[in-house]
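Every number in this text was worked out from the coordinates using simple rules, so none of it is lab data. Not measured: the values here are computed from a predicted model. Cβ placement follows ideal geometry from the backbone for every residue including glycine, while neighbour counts extend to all protein chains displayed.
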């Protein structure tokens, strides 16, 4: 072997190793540009609540400070007597061969209502100790999606195509409030004043309805990003969550084309599914793979919640109730409870 070739081979080897180190370093640098890190809060106001189920919690409601119900997929219904610190399963007298998805529940005092799919409407007048199944008109547009208890014998029912009905006789008859439906929807919210906002099934537009209007008012989305969910801010203006992990806030409830610039707390490949304000005014958003973030300055800066980050789930709904109770609902039996 030529002795002069040894240094050359060694030089080429060192050059290759240096190139590999540079490539790895560049890869880490680029990944840092794509995924923006966020600090983790030093403490959390949330506590994980064990649920003995793999079903997905979808909604909850309380009859008093301590007593309430949680409903969800696979006929899930659970009851609490300690403000949501623990939950026990309940059984409903429903045909065993039907796998209902209980999607919404609400109470006004001891009078409660719950709806599910396919075609399920339940009513209780004794704080949920017993439930009666009410028959729905076969001509009802769409499937039940959202139920709101309004008072003695009164409730409002909205379907997954935007039909809205009211009853004043415990569900024996219903009066249509909208002359036409909004079309297939993926998300539907109601304000305390009775206004509705819906997101179309494909997320390509949204629609609004105010009591007294004959039809839904259709609005184009703000950007090319498809919409995921929408709801009402504490002041009555709207918020929206769009794909690409974007949050936007409406600045004028009378002008649904007036939206601020997009807020993107973190780009980590997981979208957000819901948005809510806690009693202190802090802003919370949740979504895929344990993503639960908080901003205490109106969206200017964000922190990860340490309890949320430990949950192997997708957070689907953040639920704040009057009186200081709050819960984060996730998939596969995941539930967080507000402990302040």
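To make sure I understand, if each residue's beta carbon is the centre and we count other beta carbons within 10 Å, what order do 69, 62 fall in, fewest to most? It would help to have the intermediate numbers written out before the result.
Working: 69 25, 62 22.
Sorted ascending by nearby Cβ count, the order is 62, 69.
Any chance you could check the Cα centroid distance between the range 126-181 and the range 86-102 for me, in angstrom?
If we compute the Cα centre of each part, the gap is 20 Å.
So which residue, out of 85, 258, 158, gets the largest mean-square fluctuation from a GNM of the chain using Cα contacts under 10 Å as springs?
In this elastic network of the chain, the residue with the biggest mean-square fluctuation among 85, 258, 158 is 258.
Given a Förster distance of 56 angstrom, what is the FRET efficiency for residue 135 paired with residue 202, based on the Cβ-Cβ distance and rounded to 0.05?
Numbers: r = 32 Å, r/R0 = 0.57.
Taking R0 as 56 Å, the efficiency between residue 135 and residue 202 is 0.95.
Tilt of helix 5-34 relative to the longest C-alpha principal axis of the chain, in degrees (0 to 90, nearest 10)?
Approximately 20 degrees, to the nearest ten.
Once you have a ≥ b ≥ c as the square roots of the Cα gyration tensor eigenvalues for the range 124-263, tell me rounded if a/c is under 1.5, and otherwise prolate or oblate according to whether a/b is larger than b/c.
On the way: a/c = 2.13, a/b = 1.92, b/c = 1.11.
Prolate, because a/c is 1.5 or more and a/b exceeds b/c.
For the range 192-236, just say rounded, prolate or oblate: build the C-alpha gyration tensor, square-root its eigenvalues into a ≥ b ≥ c, call rounded for a/c under 1.5, and beyond that prolate if a/b exceeds b/c, oblate if not. Intermediate results must be reported in sequence, preceding the final value.
Values: a/c = 2.51, a/b = 1.46, b/c = 1.73.
The shape class here is oblate.
State the Cα centre-to-centre distance between the range 311-327 and the range 224-260 in whole Å.
20
Once you keep just the Cα pairs under 8 angstrom separated by 6 or more residues, what percentage relative contact order results for the chain?
Numbers: 804 pairs, mean separation 47.4, N = 340.
Once divided by the residue count of the chain, the mean separation gives 14 percent.
Treat the count of other C-beta atoms within 10 Å as a stand-in for reagent exposure and order 205, 315 from fewest to most. Mind showing how you got there, number by number?
On the way: 205 16, 315 27.
So the ranking, lowest neighbour count to highest, is 205, 315.
Specify whether the C-alpha gyration tensor of the range 239-280 places it in the rounded, prolate or oblate class, a ≥ b ≥ c being the square roots of the eigenvalues: rounded for a/c under 1.5, otherwise prolate if a/b is larger than b/c and oblate if not.
Values: a/c = 2.47, a/b = 1.43, b/c = 1.73.
Oblate, since a/c reaches 1.5 and b/c is not below a/b.
To the nearest whole percent, what portion of all C-alpha pairs in the range 92-181 is separated by more than 18 angstrom?
38
May I ask for the Rg/Rh ratio of the range 204-339, computed from Cα atoms with Rh as the Kirkwood radius, given to two decimals?
Details: Rg = 15.2 Å, Rh = 15.6 Å.
Value, to two decimals: 0.97.
Test of understanding: in a Gaussian network model of the chain with alpha carbons linked when under 10 Å, which of 202, 329, 60 would top the mean-square fluctuation ranking?
202
When the convex hull of the C-alpha atoms of the chain is computed, what volume per residue in Å³ does it have?
On the way: hull volume 65.2 nm³, N = 340.
Dividing the Cα hull volume of the chain by its residue count gives 192 Å³.
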